[in-house]
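A short write-up of the structure that comes next.
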Amino acid sequence: MIHADTNAKRFTLHTDHTSYAMAVDGQGRLLHLGYGPRADCFRLPDAPHNDPGCHPDLLPQEWPAPGMGDNHMPFFQPEFADGVIAADLRFAGAAVEPGKYGLPGLPAFRDCPGAETLRITLQDTMGLRVTLLYGVLPDCDLITRAAVIENTGTAPLTLRGVPSAVLDFARHDLDLITFDGAWAGERTLHRAAVRPGVQSVGSVGGIPTHAHNPFVVLCSPDAGENAGQCWGAALVYSGNYRIQAESAAAGIRLSMGIEPFRFAWTLAPGESFAAPEAAFVYSGQGFGAMSRRFHQAIRSHLIPPRWADMAAPRPVLLNSWEACYFNFDEDRLLELARAARQAHADLFVLDDGWFRGRNADNSSLGDWAADPVKLPGGVAGLCRKINDLGLAFGIWVEPEAVSPNSDLYRAHPDWALQIPGRPTLEIRNQYVLDFSRKEVRQGIWQQLCALLDSCPVRYLKWDMNRSLANVYSAALPAARQGEVYHRYVLGVYEMQQQLTRRYPDLLLENCAGGGARFDCGMLYYSPQIWTSDNTDALDRQSIQYGTSFCYPPCVMGAHYSTVPNHTTGRTASVEARMAAALSGTFGFELDLTAYTPQQIRQLHPFVQFYRDHGALLRGGELYRLLPPDGHGAAWAVAAPDGSEAVVFAAGRVLDGRCLTLPFAAAGRHYTARALYTGGGSEAAFAGEELQLLGLPLPQVRGDLPGYLCWLKAD
Ligand code: DGJ
C-alpha cells in the first residue's frame, strides 16, 4: 500500500512487513526518512532541514544532484549545453497509480495483484525533469525504483551518469556483502564492514562478468541467517553497472545504476531516458527471510509468466557439452541421446560444435547452419531422430559472437565492435557483434528464426563467452559513442523479447561462459541461467550458496556430471552430485554412454525424486542450514506451511550430527525418507523434535558423501 499525503508532502510505501518513507522539506527537497520494519510514522531527520544554513551534505536525499552542496561522490551527472553539470531539483508533484509500472525496452518486475506505483516528479528550472518511479509488490516485501530523466529545456542535455536508485542510511555501522569470483568460481560471498570512503562493485566489461554480481546486501554487524537487519539491493540490468556504498559524514549512502565510465547519453529537447530498475528487500529476520522474499518475487513476478511459480515443470535435460565438447557426429549424438532416454531424461541439448566448420573454439560463430559433415540431415534431421527416441530437442547458440574465421565476418567485417585504426581484440578467438545496430541484430535474428522454424526446438541455450572490448560503433557519430554499451544491452534485451514473443513455449536458458551474466535483467527473458561451468559438487555448494542470496534455486542451471570432475579433478559421491543438481534446474551433463545399464538404473530413483518433488523444489522456500565451509554444507527447500520439505547435505557435515529444521511445524508428525544409490531409509519424527533436536544426519565417509531426504507431515 502506498500512502501519499500530498498536502504534507509525505509518502510511505508499505509492503506486508516493511515500510519506506519520504518527505519533502521546506525547500522542496525530497528527503529519505527511513526504510525498515513496517511502521506508520517516520520522523523527519534530526538535521535542521528547514534551516537555510543546514549543510545539504547532511541531508538524506532521494535523488541527490551535483553542484548543490551534496559532497558525496556524484552518480547523477546531467551536463547542460553550456557545460554546467549541476541540478537544483525540487518537488513538483506526485501521483499514486494502481499496478506496477513498466519500463519500455528494459526488464522490470511485472505487475501483479496488489501492486502499486508512486511517481514523484522533481523539476530543475534549467530544463531538466526527473520522475522517480517506486513500485510496491506487497506480498514479496519488494520495493522497486527506477527513474526517467527528461530534457524539458530548449538545448541538448547530456547525461554522464544516471543512478537507478540512491538510498541513505543514517548510520555508519553496516556491513557490505558482495558476491564475487572468477570463471568456475562465481558469486562467492564476501562480507566486510563499510569503511569511510567509497567501496564499490561493478563492471566495465559490457556484461556483469564473473568478477562481481549486480546484487549486494547491507546489514547490521550482528546480522546472520536468521536474525538481524539486512537490506538486499538488486539491479535489474545486464551491462556495465556500479553499486557503491559511501560512508561519509551523515551515514552510508548506497548508489546503484549504469556504470558512468563510457556512458554519455544526449537528450534532445523533449527526449527522455529511462534508468534500469533497482529492487530492494528489507528483512529484520536475517538473510534467510530476505532471500526468500527475493526468490518469491523473482519466480512469481520476474521470470516469464509461462514458467512462473510452480506452473510449468522444467524438463530433465541432458546437455552434450561435458560428454562430447566439439567431438561428435550424428551417430555419436544419437548414442548419447539413447543413453539419456535410458536415464529417463526428457530433453536432449546439443551444445557448441554443431554448426558449419565448428570443430574447436576458433571458428564459425555467426554461421548458424548445421555442419554438413557432423549432421548430414541438418539440425532438422537430427531433431527428428531425437524426437523419435522420445526426447524433446534443444540447441546452443551464441548470437552476440562472431569468429574472425566465419562467413558472417567475411561478409560483414564492420558488424563487429572495433575501434577504427586499432587492432581488434580476440578473446576466446572471437569478436563481439555490435548489437547496438539494428541491421546486425536483424542479420542474426533471421538466422535464429530459420533455425528455430526448421524443427520443433523446445529449448535454446543462449551463451556469451567473452566480455566486450574495442567498444565503438560504426553506426554512431563520435559524440554519441558513450551510448554504445547501453544500446548494446538494449539490443540483447530486444532480441530476447522477440524470442519469447515469437516462441512462447521455448525454454530459454541464458549463459555467459558459465555465470558471467547472472542477473535479474536476463531473468526477465529466461527462467533459468547456467550458474557456472564448474559442476563439481563441492564447489557448487559455495557458488549456489552465494547465488541463492538473491536468486531462487529454480533459476540456477545445475547438472549432474561425471567424476573425476572435468574442472577440479575431484571425485564426489552420486548423492552429493545429485544434491547439487537437484537444488537447481536438474539435468545431466556427462557421457552416459560410458555407463553400464545397471549404473544408469541407479540414477532412476533420483530422476523420479525430481519428478515427484519438482514443484516443491521449484517453488518451495530455501533454508540455508549449514553454510559451506569448503568441506560441506546443508540446506533445505520447504513448503511455506512446513508440510513437506527436501533436506540436502553433503561433505563432512555427514558426521552423525543433528540438523535443526526451523520450518518444521510443531504439532505435526513427519516421515523422513532418505534416498541413497541402491536404497533408502525411513524414520518418523515429531515437528518439535525436528525444530529443537534436529534431524539426525547419517555418518558417512568417503569421497564427498551426500544426503537427500524428503520429509512429509501427516
Ligand atoms: C560456455 C558454457 O558455459 C558451456 O556450458 C558451454 O556451452 C561452452 N560455453 C560452449 O562453448
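What number of residues within the range 679-714 are in a strand (DSSP E or B) and of a type outside the set (Phe, Trp, Tyr)?
The qualifying residues number 16.
Among the residues of the range 204-235, those identified as open to solvent by 10 Å² or more (accessible area, probe 1.4 Å) and part of a strand (DSSP E or B) are His212, Gly228, Trp231. The residues of the range 309-359 that are closer than 21 Å to Asp407 by Cβ and free of Cβ contacts under 8 Å to residues at least 60 places away in the same chain, listed by number, are Phe326, Leu350, Gly353, Trp354, Phe355, Arg356, Gly357, Arg358, Asn359.
Name the residue, out of Gly667, Gly680, Gly651, Gly687, that is modelled with pLDDT of 95 or more and open to solvent by 50 Å² or more (accessible area, probe 1.4 Å).
Exactly one of Gly667, Gly680, Gly651, Gly687 is modelled with pLDDT of 95 or more and open to solvent by 50 Å² or more (accessible area, probe 1.4 Å), namely Gly667.
If we scan the range 252-264, do we find a residue that is assigned to a loop (DSSP other than H, G, I, E, B), basic (Lys, Arg) and open to solvent by 10 Å² or more (accessible area, probe 1.4 Å)? The answer is yes, given that some residue of the range 252-264 is assigned to a loop (DSSP other than H, G, I, E, B), basic (Lys, Arg) and open to solvent by 10 Å² or more (accessible area, probe 1.4 Å).
Here is the figure for the range 587-603: residues that are more than 16 Å from the ligand (Cβ to nearest atom) and not in a loop (DSSP other than H, G, I, E, B) total 8.
Quick one: Ser436 ticks every box in (1) more than 15 Å from the ligand (Cβ to nearest atom); (2) crowded, with 24+ Cβ neighbours inside 10 Å; (3) of a type in the set (Gly, Ala, Ser); (4) in a loop (DSSP other than H, G, I, E, B) except a single one, so which number is it? So Ser436 meets the others, but not (2). Comparison of Pro696, Pro705 shows that the only residue that is surrounded by fewer than 20 Cβ atoms within 10 Å (Cβ to Cβ) and at pLDDT 95 or above is Pro696.
What number of residues in the range 110-134 are closer than 14 Å to Val162 by Cβ and hydroxyl-bearing (Ser, Thr, Tyr)? Residues that pass the stated criteria total 1.
Kindly evaluate Tyr503 against the criterion of being closer than 27 Å to Ser320 by Cα and within 16 Å of the ligand (Cβ to nearest atom). So Tyr503 does not fit the description; no.
Within the range 379-408, can you find the residues that are touching a Ser or Thr at 6+ places or on another chain (Cβ under 7 Å) and either part of a helix (DSSP H, G or I) or away from the ligand (no atom under 16 Å from the Cβ) (or both)? Across the range 379-408, the qualifying residues are Val379, Ala380. The set of residues in the range 265-296 being in contact with a Pro (Cβ under 9 Å, 6 or more places away or on another chain), more than 25 Å from Ser473 (Cα to Cα) and not in a strand (DSSP E or B) consists of Gly284, Gly288, Ser291, Arg292, Phe294, His295, Gln296.
Residue by residue, here is whether (1) within 25 Å of the chain's Cα centre (by Cα); (2) open to solvent by 40 Å² or more (accessible area, probe 1.4 Å) holds:
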| residue | (1), (2) |
| --- | --- |
| Gln608 | no, yes |
| Gly614 | yes, no |
| Gly620 | yes, no |
| Pro627 | yes, yes |
| Gly630 | yes, yes |
| Ala634 | yes, no |
| Glu644 | no, yes |
| Val647 | yes, no |
| Asp655 | no, yes |
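Somewhere in the range 38-59, is a residue in contact with a Ser or Thr (Cβ under 8 Å, 6 or more places away or on another chain) and surrounded by 14 or more Cβ atoms within 10 Å (Cβ to Cβ)? Yes: one or more hits.
Here is a yes/no grid of residues against (1) over 24 Å from the mean Cα position of the chain (by Cα); (2) open to solvent by less than 10 Å² (accessible area, probe 1.4 Å):
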{"residue": "Asp82", "(1), (2)": "yes, no"}
{"residue": "Asp88", "(1), (2)": "yes, no"}
{"residue": "Ile120", "(1), (2)": "yes, yes"}
{"residue": "Leu133", "(1), (2)": "no, yes"}
{"residue": "Asp173", "(1), (2)": "yes, no"}
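Among the residues of the range 316-366, those that are of a type in the set (A, V, I, L, M) and within 16 Å of the ligand (Cβ to nearest atom) comprise Leu317, Leu318, Ala323, Leu333, Leu336, Leu347, Val349, Leu350, Ala360, Leu365. For Asn319, indicate whether it is over 18 Å from the mean Cα position of the chain (by Cα), at pLDDT 95 or above and open to solvent by less than 10 Å² (accessible area, probe 1.4 Å). Spelling it out, Asn319 is indeed over 18 Å from the mean Cα position of the chain (by Cα), at pLDDT 95 or above and open to solvent by less than 10 Å² (accessible area, probe 1.4 Å). Scanning the range 441-462 for residues that are of a type outside the set (A, V, I, L, M) and either outside the structural domain of Ser320 (by TED's automatic domain parsing) or open to solvent by less than 30 Å² (accessible area, probe 1.4 Å) (or both) yields Arg441, Gly443, Cys449, Cys455, Tyr459, Lys461, Trp462. Helices (runs of 4 or more DSSP H) fully within the range 506-583 that include at least 1 residues being within 16 Å of the ligand (Cβ to nearest atom), under 30 Å from Gly206 (Cβ atoms) and of a type in the set (S, T, N, Q): 537-547.
The values are calculated or read from the model by the stated rules, or taken from the named source; none is laboratory data. Just so you know, these numbers come straight off a predicted model, no measurement behind them. A quick note on method: Cβ atoms are made from the backbone with ideal geometry, for glycine too, and the neighbour counts reach across all protein chains shown. Side chains included, ligands, DNA and RNA excluded: accessible areas come from the protein's heavy atoms. Shrake-Rupley method; radii C 1.70, N 1.55, O 1.52, S 1.80 Å.
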